[in-house]
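Here is the structure we will look at, set down as structure tokens.
The values are calculated or read from the model by the stated rules, or taken from the named source; none is laboratory data. Predicted model, so just to flag it, every value in this text is computed and none were measured. Methodologically, a virtual Cβ is constructed for each residue, glycine included, from the backbone with ideal geometry; neighbour enumeration extends over all protein chains shown.
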Amino acid sequence: MISIPLSDKDLEIIQEYIDLGRFDNAPEVVHAALSAFDEQERLTALRTAIAEGDEELDRREYTVWTPTFSTDLLREIREDRAATH
């Protein structure tokens, strides 16, 4: 188990959520906060990936998908592997 010192302000915030009935106890509040933090991190990573994709589109650095794209790509990968072995 980890022990984390919290400021008086942190404890007040936790108690406020409990008093409002949103959570039953402090560990639930902390768990929800950590889950929200984790989700925010994932959203930030997703936004970064989208921005990078948009930049690649602006630079016309993309491959047009066709019905045979997957099979063509797999064939190229197999050919590259065969050429290096």
#### Entry: So THR44, is it assigned to a helix (DSSP H, G or I) and β-branched (Val, Ile, Thr)
yes
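What are the residues in the range 40-63 that are polar (S, T, N, Q) and loosely packed, with under 10 Cβ neighbours inside 10 Å, if any? Steps first, please.
Taking the range 40-63 and keeping what is polar (S, T, N, Q), we get 40, 44, 48, 63.
Once the filter is applied, which keeps residues that are polar (S, T, N, Q) and loosely packed, with under 10 Cβ neighbours inside 10 Å, the range 40-63 yields only THR63.
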### Query
Does the range 58-73 hold any residues that are part of a helix (DSSP H, G or I) and at pLDDT 95 or above, and which are they?
ASP58
### Message
I'm told LEU6 meets every condition in (1) assigned to a helix (DSSP H, G or I); (2) surrounded by 11 or more Cβ atoms within 10 Å (Cβ to Cβ) except one. Can you identify the failing condition by its number?
### Response
(1)
